[in-house]
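Let me begin by presenting the structure, written as structure tokens, before commenting on it.
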């Protein structure tokens, strides 16, 4: 397994470089203009000047190589400087966003906390709800619990968050006034009161997203459990006189986890990607909002950097999933 | 409009009166929400309206425009004029006398050097300054003495108030931005996010595209203002959410750009926490008719160029019928409510420039049908008119926007009633308004027969706005599709007028010429079919006083005068 | 968990060990018998399916929804794009049984027309995504040699930013497709292709994970030891056993496709703006939710109902096709 991991990690480097090139070319080729936001009152000659100031005058290979250099050389140097107080990166240009003209990584660092708290929390809540529901639904297939679980999760999944979010706001923020409709990103948790405030503003976005995530995961959990509950080894285990608890939670659950692990491993990088619509509805302004506004503004350095970090996470988490397959089912071998 | 301006004046006066016995910072915190979040505080780097509004909370120009579009002094003692000698006799220079009691928010005095520096900053060839057009024709800016600045032009300028006037070109502090000139401009993140200004507030924390926190500037020239000690500007979400947070939940005091359907607004206002108001500048929603052939059967470099006239839109009768079939009043009622007025004019304001062109305001389907019959367009079996094998079938495009999509559906219906078939298309705004020469869906390429969008002009001088419609400005591959003459309108007489108006100084004569040009574009040729004169709509809470919406300058032009009203 | 007498007495099934295949019989060995068995097996599947109450209810509702959107417009002939401005925002009436929208367009007609598009897009895009996903998943799980390249491809697709990709696809293909197939059909292909091509990755990863475990099981070894060729191995033994996660992915896929279609249209990438779809009806009405709640309720209920039906039908099918559950 170790040699497999090392081999995969080495293979990841050319893969990621290739992915970054494809993303860059995609952004280059897709229509859009970083200056689309500039009012029409700005004449074309001025727009041309602004475009040159953004560095868009250079041919694409130069800009791509420059980005690679900035990402893999200048940024690490800058962080080293920050940590050790050295000055290796002095005079070197970091990756600069077109929209705000500020270093891309500084903006990302600002956004990570709220995304991790809201989207990350909703994912954890979603998984924690989904797995027990999935197990119970499968174990008592077609019971009332299962029927209600199916109903709620299918509705939860088929209702888009732009709808459920607004419904929650109208009920709980406008009519009942229990929770704020606008998420305050500047709130710092210092004491009990600010903690309560933070909890209050997280309730609605976390609910919306957790419902969506739980719906999906619980369906996969249920179906996989059902597949395994019918297997011969379950009968054998029961025949051996093992308790139901052990049979279900130890034998069946473990064997049923492979699709669930896949779904969760695909979902975790998405946590970093943020939740575009939910963040917008509740004004959380995390990474999802950052990405979508960068895409709309054709802020190529920002989109490229964000999607590249996203790609790294995807590669890492697929690897983690592959390793977990081997742990869950020792028959799976990669060598 | 009249009544509204009177009311606004009243509100403004009230603001002055009550602010007189207020003291700085006595009213606590004010919360603003801008659903399109500002990405920087430096308007020279972005050019977007949202950045101009954010920037004007701390930065100020020498002079601004009030709600009526009249210029008024901010950092100068008086507005230069021929009478007071501020404008040179030959109109080639303007001299500004700076106030001597102005201090930057860091306590240092404001001098002529700062103004000169700001000019250099924007005019630097490598800076990519978005407000460069404001400095067009400026040859030099000199500090005559520490409190006098002279701006020299290369030729006589009837309207010298572009540089340093209005929220678009505020003064930056030389000491702060000295090392940010030219190619270094983007590296100055700290300066661009936390500019030192002369305005009522100063930034305490700037989170790009998210939240700005500000506090009252201790150095503001009026010791009693601003009434608010701190300010929060929150970004993100959408127009409906922003309006809701002011009108229904009361979490915010002011929401910028809450363009929503009138019935939705009415529903929200019913909560009684605030209201929406609108101010009218020069923004007009219009339909542009493509006078050239956008057919995809043409070779790529020749689509929508002057080489190929449009098969049927080159017929003036068809264009006139298109305009006659539209019920502008109904469109306003459905889409804009208070924030719109039906119009037939390309230049709706200032008053002297607005033509008395009102014929189009009444819908005339019968007349349009008669006109088309007369021109020889006969209805085919499917109800669509045709002549010599040419069917009146069009592609109608616009950007993605709920109101525009409703307009498209309605207009399509009206056009079908006069035997003109249209297919609707929408394009994402970032593509439509982007001038990416590689994309087929941009406004400039105009690979459609008609398209709808809104545009305006800055300041109070519509001449450059009218000058867009000369033959040589038609977008084509030769100018990388960067021309501004979207309709491909081409009339020698019009070109001549554009040349002539440059040299005219007399205001009345200029306005007369402007009205004539406006009529040539609209009712005479119907190359542009104006629909709605649009205002900017913003929501504010009933507990926020002093708000006077301004469409000629930044919406936060008078933020120093805002105060808390007791309910 | 008792198997039916029928399966117990089937000697071939017993020989196949615990193969969970619905057609766990190899025709070449005893062709005539197999044919009979296959036919009776499908009958059996149908019988089992019918006894699944949820699935039957789902099927009936699903068929009625299909009839509503396909036959409905023949009976209720108002043009869904016809603007009757005087009747705007009207409530339930004889002329407009479900009321009208802000421009006076008949909501009933719009729901029917919208349903045609949404169901067609949902089903087709889901089928494309599931087909590509299963193909890539099975290939990469079963053939070790293909695993690395196919999974790197999956990672690439997962990493691509969706919006610029869609914008690019629309720019490149909108005109050629609408010229070849006409505007409506051309855009249909474009949307279905775009959604399908960008949502197969999850299915691929899930199927691959299952296949990796499956191919080490005893019954696969047994089948391999009697020389079963790869293609039959995959079709007969692997695919039927990964059916249930595929079913779940398919059900969820329909919901995602219907919603994604509406997202595409409010980005200007979808159908012409006056063309109703359920997702768009829902999105357009969100702002007016407080004033006219039924405008969000009807499309919302229809979307959920469709997804729920497909889910129950999928459940029923899966149960019916699983010989271990069948007859329980």
### Message
Being away from chain B (no Cβ under 14 Å) and touching a helix residue (DSSP H, G or I) at 6+ places or on another chain (Cβ under 7 Å) is the filter here; which residues of the range A:263-292 pass it?
### Response
A:263, A:264, A:265, A:266, A:267, A:268, A:269, A:271, A:272, A:273
### Query
Can you find even one residue in the range B:58-65 that is more than 14 Å from every other protein chain (Cβ to nearest Cβ), in contact with a strand residue (DSSP E or B) (Cβ under 7 Å, 6 or more places away or on another chain) and surrounded by fewer than 19 Cβ atoms within 10 Å (Cβ to Cβ)?
no
## Note on the structure
Over the range A:177-192, the set of residues over 21 Å from residue B:213 (Cα atoms) and away from chain B (no Cβ under 14 Å) is A:191, A:192
### Summary
For the range B:118-146 the number of residues that are closer than 27 Å to residue B:54 by Cα and either away from chain A (no Cβ under 14 Å) or assigned to a loop (DSSP other than H, G, I, E, B) (or both) is 13
### Message
So, restricting to helices (runs of 4 or more DSSP H) that lie completely within the range A:47-139, which ones have at least 1 residues that are touching a helix residue (DSSP H, G or I) at 6+ places or on another chain (Cβ under 8 Å), at pLDDT 85 or above and more than 14 Å from chain B (Cβ to nearest Cβ)?
### Response
A:60-69, A:75-84, A:121-139
## Note on the structure
Considering only helices (runs of 4 or more DSSP H) wholly within the range A:229-310, the ones with at least 1 residues that are under 23 Å from residue A:122 (Cα atoms) and more than 16 Å from the chain's Cα centre (by Cα) are A:253-273, A:276-282, A:287-296
### Any hit, the range B:358-372, residues being away from chain A (no Cβ under 14 Å), modelled with pLDDT of 90 or more and part of a strand (DSSP E or B)
no
### Message
So for the range C:194-209 (the condition being within 30 Å of residue C:244 (Cβ to Cβ), within 13 Å of chain A (Cβ to nearest Cβ) and free of Cβ contacts under 8 Å to residues at least 60 places away in the same chain), does at least one residue qualify?
### Response
yes
### Message
Any residue at all in the range B:302-311 that's outside any loop (DSSP other than H, G, I, E, B) and buried (at least 18 other Cβ atoms within 10 Å of the Cβ)?
### Response
no
### Query
For the subset of the range C:275-289 comprising residues that are surrounded by 23 or more Cβ atoms within 10 Å (Cβ to Cβ) and assigned to a loop (DSSP other than H, G, I, E, B), which member is nearest to the other protein chains (Cβ to nearest Cβ)?
C:276
### Task
Return the only residue of B:548, B:539 being crowded, with 22+ Cβ neighbours inside 10 Å and not in a strand (DSSP E or B).
B:548
### Task
Please specify each residue of the range B:227-244 satisfying the condition of being in contact with a strand residue (DSSP E or B) (Cβ under 7 Å, 6 or more places away or on another chain) and farther than 24 Å from residue A:294 by Cβ.
B:227, B:228, B:229, B:230, B:231, B:243
#### Entry: Residue satisfying condition, being out of contact with any helix residue (DSSP H, G or I) (no Cβ under 6 Å at 6 or more places or on another chain), under 25 Å from residue A:151 (Cα atoms), more than 8 Å from chain C (Cβ to nearest Cβ) and surrounded by fewer than 22 Cβ atoms within 10 Å (Cβ to Cβ), within set A:242, A:253
A:253
### Message
Here is a check on your reading of the model: is residue B:317 in contact with a helix residue (DSSP H, G or I) (Cβ under 6 Å, 6 or more places away or on another chain), surrounded by 16 or more Cβ atoms within 10 Å (Cβ to Cβ), modelled with pLDDT of 90 or more and closer than 14 Å to residue B:411 by Cα?
### Response
no
### Query
residue B:55 is checked against (1) closer than 25 Å to residue B:250 by Cβ; (2) away from every other protein chain (no Cβ under 11 Å); (3) modelled with pLDDT of 85 or more and fails just one. What number does that condition carry?
(1)
#### Entry: Conditions (1) in a helix (DSSP H, G or I); (2) over 30 Å from residue B:191 (Cβ atoms); number of the one not met by residue A:179
(1)
### Test for residue A:210: is it part of a helix (DSSP H, G or I) and within 13 Å of chain C (Cβ to nearest Cβ)
no
### Query
So which of B:227, B:175 ends up being over 28 Å from the mean Cα position of the chain (by Cα), over 19 Å from residue B:557 (Cβ atoms) and more than 14 Å from chain A (Cβ to nearest Cβ)?
B:175
### Message
Going by what's in this entry, would residue A:260 be described as within 30 Å of residue B:433 (Cα to Cα) and either at the interface with another protein chain (Cβ under 10 Å from one of its Cβ atoms) or surrounded by fewer than 19 Cβ atoms within 10 Å (Cβ to Cβ) (or both)?
### Response
no
### Query
Is it fair to say residue B:79 is in a loop (DSSP other than H, G, I, E, B) and within 29 Å of the chain's Cα centre (by Cα)?
yes
### So residue B:200, is it surrounded by fewer than 24 Cβ atoms within 10 Å (Cβ to Cβ), away from every other protein chain (no Cβ under 13 Å) and in contact (Cβ under 8 Å) with a residue 40 or more places away in the chain
no
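The values are calculated or read from the model by the stated rules, or taken from the named source; none is laboratory data. These numbers were taken from a predicted model, which means no experiment stands behind them. Positions of Cβ are backbone-derived with ideal geometry, glycine not excepted, and every protein chain shown enters the neighbour counts.
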